[in-house]
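Heads up: the structure comes next, in structure tokens.
The values are calculated or read from the model by the stated rules, or taken from the named source; none is laboratory data. Being a predicted model, the structure only gives us computed values, none of them experimental. Cβ: placed from backbone, ideal geometry, glycine included. Neighbour counts: every protein chain shown. For accessibility, only protein heavy atoms count, side chains too; no ligands or nucleic acids. Shrake-Rupley method; radii C 1.70, N 1.55, O 1.52, S 1.80 Å.
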Amino acid sequence: MKMSTAPYDLEQQQQHQRSGVAASSQSPRSPSSSTPFLSVSVTDPVKLGNGVQAYISYRVITKTNFPEYQGPEKIVIRRYSDFVWLRDRLFEKYKGIFIPPLPEKSAVEKFRFSAEFIEMRRQALDLFVNRIASHHELQQSEDLRMFLQAEEETMERLRAQETGIFKKPSDLMQIFKDVQSKVSDVVLGKEKPVEESDPDYEKLKHYIFELENHLAEAQKHAYRLVKRHRELGQSLSDFGKAVKLLGASEGNSLGKAFSELGIKSEILSTKLQKEAHQILMNFEEPLKDYVRAVQSIKATIAERANSFRKQCQLAETVKLKEIDLERQRLHRSEKLAEAEREYHELKTESEQATKTFESIVRLMNEEIGRFQEQKTLDMGIAFHEFAKGQARLANDIAGAWRSLLPKLEACSAA
């Protein structure tokens with residue numbers, strides 16, 4: 001398992017990072033009456049409905065002293081699709097900011113409502129909304145306030161509006177035709193993709209793609225560790241039961257030794273199962289969460305690429321419009337006034353596209369520093385807890401077997 005990805009070098013951009021790192025890395029969990037705070041808890045998952053219509057609802061508790069909120073505390077009920085709505089709204093409005101990732105939606109029915117899956121989902125949703133609440137810009141979002149305060153009926157209407165964007169078949173057909181046309185242009189050489197050539201940006205993309213691969217590999221092996229601990233725990237449990245039955249059939253010191261061996265095996269089985277759960281929740285899940293976080297960053301990179309292409313295309317169109325406008329002025333065209341109006345509108349749009357792109361670049365420079373600082377902290381905690389758990393388990397296993405040695409040696413000597 002290779003985890004030696006070289007960190008993305010941002011030393012040349014430190015002046016851009018400082019404003020974003022400190023505020024967003026603070027935990028919203030420790031409110032103080034003298035400073036602004038926004039604390040959110042996702043609790044009490046409850047299954048509602050039956051069959052394919054079944055879903056989990058959550059109690060979302062908000063505590064804040066922000067003046068724009070309705071009061072110091074608000075409790076609402078939310079479901080997974082409400083969290084999706086919030087994520088999508090933020091991604092649409094806050095270009096250049098890394099929107100925190102959501103946990104995946106399980107498509108496997110038997111896992112979807114298991115106690116373990118529900119708790120993992122609850123923790124991930126709690127982390128999602130608190131990352132937003134602790135981000136210096138996202139915490140000001142009107143959509144976040146709506147999510148944390150609106151009644152369930154209001155949220156249902158908002159979700160319905162978002163899912164109704166592409167309702168008409170003609171809309172879907174037009175999307176298909178546009179994509180088909182662009183693919184044909186590229187294949188025939190009519191259109192070449194416009195991409196940035198900034199070395200720092202290329203370094204950033206390389207770092208993110210490499211990081212995703214290494215995190216995914218680490219998460220895969222963490223999953224195998226969980227599976228191995230559970231299988232070993234189950235094997236020890238089965239072994240313990242078998243040895244206890246064997247001991248019951250013996251009436252001498254050997255029978256007592258076997259019975260104790262069986263008891264110790266069952267105790268160790270329980271410890272292994274508990275450690276497997278700890279690895280899942282505190283090691284594999286954080287790794288999986290950061291795989292999702294990197295995918296969110298990649299989505300922002302794609303938005304930056306789109307913004308750059310739009311800026312370039314509009315700049316080129318403005319140049320062509322300028323040439324056409326000069327030609328019409330020379331010929332004193334009757335459509336000169338209309339051409340000038342179109343030119344100024346296009347130039348305004350081009351200038352706005354440039355500002356949008358520059359804003360995305362600036363925000364991404366700030367965000368990558370914040371991301372790296374938080375990743376260092378979170379991964380340090382996850383690996384430290386994993387190592388502590390393994391050391392504790394190894395000591396328990398060694399101690400259990402060691403305590404049996406005198407009795408087993410006495411039986412073998414006899």
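Exactly one condition in (1) free of Cβ contacts under 8 Å to residues at least 24 places away in the same chain; (2) buried (at least 20 other Cβ atoms within 10 Å of the Cβ) is not met by Phe117; state its number.
Looking at each condition in turn, Phe117 falls short on (2).
Do we have any residue at all in region 303-315 that's touching a residue at least 12 places away in the same chain (Cβ under 8 Å) and over 34 Å from the mean Cα position of the chain (by Cα)?
If we filter region 303-315 for residues that are touching a residue at least 12 places away in the same chain (Cβ under 8 Å), which is where we start, we get 303-305, 307-315.
If we keep only those that are over 34 Å from the mean Cα position of the chain (by Cα) too, we end up with 315.
Yes: one or more hits.
Suppose we keep only residues that are open to solvent by 30 Å² or more (accessible area, probe 1.4 Å) and small (Gly, Ala, Ser) within region 191-222. Which one would you say is farthest from Pro286 (Cα to Cα)?
Ser197
Within the set of pairs 6 or more residues apart or between chains, which connect a residue that is within 14 Å of Ser81 (Cβ to Cβ) inside region 41-56 to a residue that is among the polar types (S, T, N, Q) and open to solvent by less than 70 Å² (accessible area, probe 1.4 Å) with Cβ atoms less than 9 Å apart?
From region 41-56, the pairs are Leu48/Ser57; Tyr55/Ser81.
Just checking, does region 336-347 include any residue being out of contact with any helix residue (DSSP H, G or I) (no Cβ under 6 Å at 6 or more places or on another chain), more than 22 Å from Lys95 (Cα to Cα) and among the hydroxyl-bearing types (Ser, Thr, Tyr)?
The answer is no, given that none of the residues of region 336-347 is out of contact with any helix residue (DSSP H, G or I) (no Cβ under 6 Å at 6 or more places or on another chain), more than 22 Å from Lys95 (Cα to Cα) and among the hydroxyl-bearing types (Ser, Thr, Tyr).
Hey, among the residues in region 51-69 that are exposed (fewer than 12 other Cβ atoms within 10 Å of the Cβ) and of a type outside the set (D, E, K, R), which one's nearest to Gln139 (Cα to Cα)?
Pro67
Given the conditions (1) at pLDDT below 95; (2) open to solvent by 80 Å² or more (accessible area, probe 1.4 Å); (3) part of a helix (DSSP H, G or I), which single one is not true for Lys274?
Failed condition: (1).
Show the residue pairs that are 6+ apart or on different chains and have beta-carbon atoms under 6 Å apart, the first residue being within region 234-252 and among the β-branched types (Val, Ile, Thr), the second being in a helix (DSSP H, G or I).
Every condition considered, the pairs that remain are Val243/Phe258; Val243/Leu261; Val243/Gly262.
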